[in-house]
1. What percent does the relative contact order of the chain come to when contacts are Cα pairs within less than 8 Å and at least six residues apart?
2. Report the calculated FRET efficiency for residue 184 and residue 34 (r = Cβ-Cβ distance, R0 = 45 Å), to the nearest 0.05.
3. Sorted by packing (mean other beta-carbon atoms within 10 Å per residue), highest first, where do 168-177, 188-197 land?
4. With a/c under 1.5 counting as rounded, go ahead and sort region 155-202 into rounded, prolate or oblate using the C-alpha gyration tensor (a ≥ b ≥ c being the square roots of the eigenvalues; past the cut-off, prolate if a/b is larger than b/c, else oblate).
5. Between (1) 51, 37, 32; (2) 53, 35, 29; (3) 59, 34, 25, which entry matches Cα extents along the principal axes in Å as derived from the coordinates of this structure?
6. Rounded if a/c is under 1.5, else prolate if a/b beats b/c, else oblate: with a ≥ b ≥ c from the C-alpha gyration tensor eigenvalues square-rooted, which is region 97-150?
7. Quick one: helix 196-205 against the long Cα principal axis of the chain, what's the angle to the nearest 10°, folded into 0 to 90?
8. Quote the charge dipole size of the chain about the Cα centre in Debye, to the nearest 20; the model charges only the Cβ of Lys and Arg (+1) and of Asp and Glu (-1).
Amino acid sequence: MNKEEKLAKEVNKKLRQKLKGQGENFIFPEELKRKIQSLTMIDLSELSFPLGQKALRELISNWQHCVELNLRDTSVTKEIADLLCELTNLRYLDLCRTNSDDSTLRAVAKCTQLEGLILDGCLQITSLDSLAACTKLQSLQFLLCYKITDLQPLRTCKELQSIVMSFCGEITDLRSLLSCKKMQSLCMRGCHGITVAEKMALQHALPHLTIEE
């Protein structure tokens, strides 16, 4: 772990301690504010967010250098989702096992520089339509998002290299991935609606692709 990583770990730990249980009374300490402004990675995983709009906006305004944001196992409110688009440098976002839904994805899609997105266990998401705008996306995970039925929005994501969509049993058509010429890895365990012929056709069109099932 280098010096920058150690600093990030220390600041993230202090931030989590300050946020926990603060609710509407949250006050951003000046010392922590100065430190967090230079962070490129923010880790708020497993943290509840009982924060008001004012506190959230103050937080976001100090995350402008944030490249990677981890909200895994948190409560992602509409206010948080709507403010994500202000993180103009955001490249990687982890929303695993959050209460994210289609409206959350519409907000996320405004992060046009996004390269990696994790949606595993986001059971309320029914559509990937919004991700058609994320043309720089390289890695996408939506394991156990069983309400998703269509991959067509991903046709515009031509930078995609890796997809994990295991246990999304309603998906039956892989043809939309034919336009993702850079695809190298596709994990589709438990996707029983996809035929052998579909898999073979995709493998033939994308010879560098490894399919895990």
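1. Once normalised by length, the contact order is 11 percent.
2. Values: r = 41 Å, r/R0 = 0.91.
The formula returns an efficiency of 0.65 here.
3. Working: 168-177: 17.2, 188-197: 14.2.
Highest to lowest by the protection proxy: 168-177, 188-197.
4. prolate
5. The value computed from this structure is option (3).
6. prolate
7. Between the helix axis and the principal axis of the chain, the angle is about 80 degrees.
8. Using Cβ point charges on Lys, Arg, Asp and Glu, the chain gives about 520 debye.
Coordinate-derived values only; no laboratory data. Here the structure is a predicted model, which means the values were calculated and not measured. Methodologically, a virtual Cβ is constructed for each residue, glycine included, from the backbone with ideal geometry; neighbour enumeration extends over all protein chains shown.
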